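The values are calculated or read from the model by the stated rules, or taken from the named source; none is laboratory data. Values in this document were obtained by computation on a predicted structure and should not be read as measured data. Virtual Cβ from ideal backbone geometry, glycine too; neighbours counted across all protein chains shown. Ligands, DNA and RNA are excluded from the accessible area calculation, which covers all protein heavy atoms including side chains. Shrake-Rupley method; radii C 1.70, N 1.55, O 1.52, S 1.80 Å.
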Amino acid sequence: MKRTDQEMAVLEKQPETKKMTVIKRDGREVPFDEQKINAALIKAEKKIHGSLSPITYEKIQSIAELVIKEIKNRFANNVKIYEIQNIVEHILLEKNEYALAEEYIHYRTKRDFARSKATDINFSIEKLINKDQSVVNENANKDSNVFNTQRDLTAGIVGKSIGLKLLPPHIANAHQKGDIHYHDLDYHPYTPMTNCCLIDFKGMLNNGFKIGNAEVESPKSIQTATAQISQIIANVASSQYGGCSADRTDELLAPFAQLNYKKHLIDAKEWIDTPERQEAYAKAKTKKDIFDAMQSLEYEINTLFTSNGQTPFTSLGFGLGKNWFEREIQKAILQIRINGLGSEKRTAIFPKLIFTLKDGINLKPTDPNYDIKQLALECATKRMYPDILNYDKIVELTGSFKVPMGCRSFLQGWKDENGEEVNVGRMNLGVVTLNLPRIALEADGDQEKFWQLLSDRLSIMKDALVYRVERCKEAIPANAPILYMYGAFGKRLSRTDAVDELFKNRRATVSLGYIGLYEVAASFFGGAWENNAEAKDFTLDIVKKLKANADAWGNEYGYHFSVYSTPSESLTDRFCRLDTEKFGIVENITDKEYYTNSFHYDVRKNPTPFEKLEFEKDYPKYCSGGFIHYCEYPVLQQNPKALEAVWDFAYDKVGYLGTNTPIDHCYQCGFEGDFQPTERGFECPECGNHDPKTCDVVKRTCGYLGNPQARPMVHGRHKEISSRVKHMK
C-alpha cells in the first residue's frame, strides 16, 4: 500500500524530537515514532472525507507539529501511549476540528472496546448463543450442533478469556491486534495441555497400560489390538488438544496378526491333513481377521467423540512392511477406505491415511510392494487419501523417518541417552503463528523496514513460545495419566516426576508458525512474482531468518523450536480480516479475503502439478517442523497413472504430498465430481441437490478432509477451496 507524494511530504517535514520511549498499554517500551501521529490523523481524515486535498495535508501537518511540540515540552524521557492520545484529542478540540476529533476518539475507543470484549466471557457467550461464525466454525472439523461440542465451545470461551489474562500483556496484545496468533487459546494456557503427538502404541500394546480403573494387558489378537488402539486414541485426544498419529501401523500390528495365524494353524492341524492346506487355511482365516480388525478400527475412529466434541484428529502411517502380515494389513487399510462407510459408501474423514513410498520397496514396478502402490493410487483417486511420504526426502529434511503428528507437524531426528533413535512417544508443546503479510503492509515497500519489523515481531514470538514451554512444564503426571504415566508419551513417569523429563533436551518441539509468503512477496514484487528469482530468494530469506532465530532459541533454552508452515484454517480469514480493517483493500493481499497458507503457490493461478512442486520444493528445508504440499487435479478415478506420474516426479523433490481431486457424490442423480459452493452450501451441479442426507461432499481443509455440507467452513474458505479444486481443470 503506497503512500502518495503528498502523504510522504507530510511525514518527512516533521520537526526533530528528543529521543524518548513510548510505554505501551501492555508494558512494552518502544522508540517514539512521530510519523505514527501523522498516519493516525491522515487515516481519520480519510475515513471522514475519502480523499484529502493539499490544504488538508497542510492542516494535518500543523496539528501534528503542535502535538509533537507539546509532547516534547511535557516529557523528557518516556511517555505513556494514552498520554499521547490525550494530547492529540485536546489539540484537535482546541482547533475546533470536531469531526476529526470524533473520528480519532471513536477509533481509539473502538480498539479499547475490542480489547475488553476479548476477555469478557458474557460477550463471547452471547456470540456463541447467536451462532456467530467466528465462534462456532473456528475449527473445520467440529460440529457445533451437537451438545458436547456446544459444551466444549462454552468451556473454550471461558478458557480463552482466562488464557488472555494469563498471557504476558505484550503477547496478549500482539495476539488481539493480529500481529501474531497464539493457537488454541481455548485450551492453553488456561490448562498446561500439550498439542499433538506420536503415540507410543508399540510400548503400550506390548507392555500393557491403564485407562480409568482398568489394567489392560497385551492383546492376543489383531482384533483386540485395534480395539485397544481406538481406546488409546480416544483417551489421548481427550488429554491434549492436537492430532495424534500411529507410525508404521502395518509393522506395529503384524505381530498380533501373527498370533491369529498361529491359533488358526493349530486348529488346522487338528482337522486338515496336509501342511500346504493347513497353511492355506490359517492364512485365509488370518486375512479375514486382518480385514475385520482394520474395518473395525476405521468405524471406531469415525464414531468416536472425545471430551472436546470432535472426532480425534488421527493419522495412520504405513507402507514400509514387507512380510505377508504387513502386506495384508496395508491392503486391508486401503481397500476398506476404497469401499467407503455404510450402505451409501461415504468417504471416511478419519483416520488420515499416510502411505510411505520407498525406492526398493514399492516405488518401481520391479519393487516387491509395487502392487500396493497401485492400490494406494486407486484409493487416492477415489477418496483423496492416502497422502504420501517420500522416505528418503523425509530423512533428509527431518533427520529421521516418521509420520507427522496429526496434520503436518514433524518431529526432528532425536536420540536418547543411550544413543537410540526415538520418534514415538514424543510431542509438540504448541504453536504461535506470525502474521507476515501485516509486516509487509507496515513496511510499505521498504525492505529494510520489513527486516527491522520482522526482528521486532520475532522477539515477541520468542517470548510467546518460551511461555508455552514454561506453562506446559507446570503440568503434573496426574493431569493426564494416559500421556505421562501409562505410556502414550513413551517413558512412564511416576506421580511425583517432573513432566519436563519428556520435554527437555529437544525431545519435544514448540513451533514458530508463519502464514502468507505469497502476500509478502506480492507487496514488494507484484502479484505475479512466482517466476521472479529475486522475489523467490526474498521469500526464502524470510524462512531462513525464521529458522536461524528458532535454532538460536533452541540453543539458548534446550527445547526444539521448530519452524512450522501453519495449517491456517480460520487464521486465513482472521489475519486478512484484521489487516483489511487496518490497511483497507490492498490488491493481491487483502482483496482476496484470505491469506495463503505458508509457502504455497497462489491458488488463483494455474500451474501444473510439476510446476507447483518445482516451485515449492525449496522451502521445507527451512521449515522442517511442519510442511505439506498439495496438487490439484480434475476427476482422476479413470486415470490413476496421471497421479502416479506426479508421485514419481515428487519422490526426490518433496517429503510430504497430498491429493486434491473432486470426489463429491450425489445420491439423487448419481453425479460424481465437484460440487459447487453456494450461499446455502455445496450444491450438485447436475440436479442442485444440497441435502447432506443425500449427498457426500468432501473437501480438503488445511491438511485434513472435512465435510463442509455438515459443518460449514469458516468465512472465506469456500472461495479458496473452490479455487484450489478447480484451478487444475
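Kindly provide the set of residues from the stretch 524-541 that are among the acidic types (Asp, Glu) and either assigned to a helix (DSSP H, G or I) or free of Cβ contacts under 8 Å to residues at least 60 places away in the same chain (or both), ordered by number.
Start the filter on the stretch 524-541 by keeping residues that are among the acidic types (Asp, Glu), which leaves 530, 534, 537, 541.
Selection gives Glu534, Asp537, Asp541.
Of the conditions (1) surrounded by fewer than 17 Cβ atoms within 10 Å (Cβ to Cβ); (2) within 28 Å of Asp463 (Cα to Cα), Ala528 clears all except one; give me its number.
The failed condition is (2).
Search the stretch 327-358 for residues being part of a loop (DSSP other than H, G, I, E, B) and of a type in the set (S, T, N, Q), and hand back the single one that is surrounded by the fewest Cβ atoms within 10 Å (Cβ to Cβ).
So, considering only residues that are part of a loop (DSSP other than H, G, I, E, B) and of a type in the set (S, T, N, Q), the one surrounded by the fewest Cβ atoms within 10 Å (Cβ to Cβ) is Ser343.
Restrict the check to the stretch 380-396 and report whether at least one residue is in contact with a His (Cβ under 9 Å, 6 or more places away or on another chain), of a type in the set (Asp, Glu) and either open to solvent by 10 Å² or more (accessible area, probe 1.4 Å) or under 30 Å from Asn505 (Cβ atoms) (or both). Before the answer, list the steps.
We begin by selecting, within the stretch 380-396, every residue in contact with a His (Cβ under 9 Å, 6 or more places away or on another chain); these are none.
No, because not a single residue in the stretch 380-396 is in contact with a His (Cβ under 9 Å, 6 or more places away or on another chain), of a type in the set (Asp, Glu) and either open to solvent by 10 Å² or more (accessible area, probe 1.4 Å) or under 30 Å from Asn505 (Cβ atoms) (or both).
State whether the residues of the stretch 312-326 include one that is open to solvent by less than 70 Å² (accessible area, probe 1.4 Å), among the aliphatic types (A, V, I, L, M) and touching a residue at least 40 places away in the same chain (Cβ under 8 Å).
Within the stretch 312-326 (the criterion being open to solvent by less than 70 Å² (accessible area, probe 1.4 Å), among the aliphatic types (A, V, I, L, M) and touching a residue at least 40 places away in the same chain (Cβ under 8 Å)), the answer is yes, since at least one residue qualifies.
Residue under question is Phe313, and the condition is that it be modelled with pLDDT of 95 or more, within 26 Å of the chain's Cα centre (by Cα) and aromatic (Phe, Trp, Tyr); does it hold?
When the stated conditions are applied, Phe313 does not pass them.
Only one of Lys693, Lys699, Lys617 is basic (Lys, Arg) and in contact with a helix residue (DSSP H, G or I) (Cβ under 8 Å, 6 or more places away or on another chain). Can you tell me which?
So the residue among Lys693, Lys699, Lys617 that is basic (Lys, Arg) and in contact with a helix residue (DSSP H, G or I) (Cβ under 8 Å, 6 or more places away or on another chain) is Lys699.
Take the residues in the stretch 457-484 that are in contact (Cβ under 8 Å) with a residue 60 or more places away in the chain and not in a helix (DSSP H, G or I), then tell me which one is surrounded by the most Cβ atoms within 10 Å (Cβ to Cβ).
The extreme case among them is Ala480.
Determine if the stretch 371-378 includes at least one residue that is in contact with a Phe, Trp or Tyr (Cβ under 7 Å, 6 or more places away or on another chain) and open to solvent by less than 40 Å² (accessible area, probe 1.4 Å).
The answer is yes; a qualifying residue exists.
Mind checking which residues of the stretch 64-80 are of a type outside the set (Gly, Ala, Ser), within 25 Å of Ala443 (Cα to Cα) and part of a helix (DSSP H, G or I)?
Selection gives Glu65, Val67, Ile68.
Filter the stretch 246-294 down to residues that are part of a loop (DSSP other than H, G, I, E, B) and surrounded by fewer than 21 Cβ atoms within 10 Å (Cβ to Cβ), then give me how many there are.
To start, the set of residues in the stretch 246-294 that are part of a loop (DSSP other than H, G, I, E, B) comprises 247-248, 272-274.
Filter once more, keeping what is surrounded by fewer than 21 Cβ atoms within 10 Å (Cβ to Cβ): 272-274.
Of the residues in that region, 3 qualify.
Scan the stretch 645-662 residue by residue and report those that are under 14 Å from Glu632 (Cα atoms) and open to solvent by 10 Å² or more (accessible area, probe 1.4 Å).
Selection gives Ala645 alone.
Determine whether Val431 is in contact with an Asp or Glu (Cβ under 6 Å, 6 or more places away or on another chain), at negative phi and not in a helix (DSSP H, G or I).
Values: in contact with an Asp or Glu (Cβ under 6 Å, 6 or more places away or on another chain): no; at negative phi: yes; not in a helix (DSSP H, G or I): yes.
Here the answer is no, as Val431 does not meet what is asked.
In the stretch 583-602, what count of residues is obtained for those that are surrounded by fewer than 19 Cβ atoms within 10 Å (Cβ to Cβ) and among the aromatic types (Phe, Trp, Tyr)?
Looking only at that region, the number is 1.
May I ask you to verify whether Ala521 is farther than 18 Å from Tyr601 by Cα, free of Cβ contacts under 8 Å to residues at least 24 places away in the same chain and not in a loop (DSSP other than H, G, I, E, B)?
Here the answer is no, as Ala521 does not meet what is asked.
Go through (1) open to solvent by less than 10 Å² (accessible area, probe 1.4 Å); (2) in contact with a Ser or Thr (Cβ under 6 Å, 6 or more places away or on another chain); (3) of a type in the set (S, T, N, Q) one by one and return the number of the condition Thr580 breaks.
(1)
Does any residue in the stretch 31-57 that is free of Cβ contacts under 8 Å to residues at least 40 places away in the same chain and of a type in the set (A, V, I, L, M) come within less than 7 Å, Cβ to Cβ, of a residue that is open to solvent by 80 Å² or more (accessible area, probe 1.4 Å) and in a helix (DSSP H, G or I) six or more places away or on a different chain, and which pairs are these?
So the pair list comes out empty.
Within the stretch 664-681, identify whether any single residue is among the hydroxyl-bearing types (Ser, Thr, Tyr), at pLDDT below 90 and either open to solvent by 50 Å² or more (accessible area, probe 1.4 Å) or closer than 15 Å to Lys699 by Cβ (or both), and answer yes or no.
yes
One residue is enough: does the stretch 436-443 have a residue meeting the conditions within 30 Å of Phe489 (Cβ to Cβ) and either surrounded by fewer than 19 Cβ atoms within 10 Å (Cβ to Cβ) or in contact with a Cys (Cβ under 9 Å, 6 or more places away or on another chain) (or both)?
Within the stretch 436-443, none of the residues are within 30 Å of Phe489 (Cβ to Cβ) and either surrounded by fewer than 19 Cβ atoms within 10 Å (Cβ to Cβ) or in contact with a Cys (Cβ under 9 Å, 6 or more places away or on another chain) (or both).
Find the residue count for the stretch 359-395, including only residues that are in a loop (DSSP other than H, G, I, E, B), touching a residue at least 40 places away in the same chain (Cβ under 8 Å) and more than 24 Å from the chain's Cα centre (by Cα).
6
Report yes if some residue within the stretch 265-274 is of a type in the set (A, V, I, L, M, F, W, C) and touching a residue at least 24 places away in the same chain (Cβ under 8 Å); otherwise report no.
no
Okay, residues lined up against (1) in contact with a Cys (Cβ under 7 Å, 6 or more places away or on another chain); (2) of a type in the set (Lys, Arg):
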site: Tyr630; (1), (2): no, no
site: Leu643; (1), (2): no, no
site: Trp647; (1), (2): no, no
site: Pro662; (1), (2): no, no
site: Phe682; (1), (2): no, no
site: Cys687; (1), (2): yes, no
site: Lys693; (1), (2): no, yes
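Which pairs turn up if I take residues in the stretch 674-697 that are in a strand (DSSP E or B) and look for partners that are of a type in the set (Ser, Thr, Tyr) and open to solvent by less than 40 Å² (accessible area, probe 1.4 Å) with beta carbon separation below 8 Å, at least 6 apart in sequence or on another chain?
Matching pairs, first to second residue: Gln676/Ser722; Pro677/Ser722; Asp696/Thr347.
In the stretch 496-507, is there at least one residue being open to solvent by 30 Å² or more (accessible area, probe 1.4 Å) and in contact with a Pro (Cβ under 7 Å, 6 or more places away or on another chain)?
For the stretch 496-507, residues open to solvent by 30 Å² or more (accessible area, probe 1.4 Å) and in contact with a Pro (Cβ under 7 Å, 6 or more places away or on another chain): present.
Within the stretch 416-432, does at least one residue satisfy the condition of being open to solvent by less than 40 Å² (accessible area, probe 1.4 Å) and basic (Lys, Arg)?
Scanning the stretch 416-432, I find at least one residue that is open to solvent by less than 40 Å² (accessible area, probe 1.4 Å) and basic (Lys, Arg), so the answer is yes.
Restricting the search to the stretch 7-32, which residues are at pLDDT below 85, under 25 Å from Lys59 (Cα atoms) and either among the aromatic types (Phe, Trp, Tyr) or assigned to a loop (DSSP other than H, G, I, E, B) (or both)?
Lys13, Gln14, Pro15, Glu16, Thr17, Lys18
In the stretch 603-628, what residues are open to solvent by less than 10 Å² (accessible area, probe 1.4 Å) and modelled with pLDDT under 95?
If the condition is that a residue be open to solvent by less than 10 Å² (accessible area, probe 1.4 Å) and modelled with pLDDT under 95, then Val603, Pro607 are the ones that fit.
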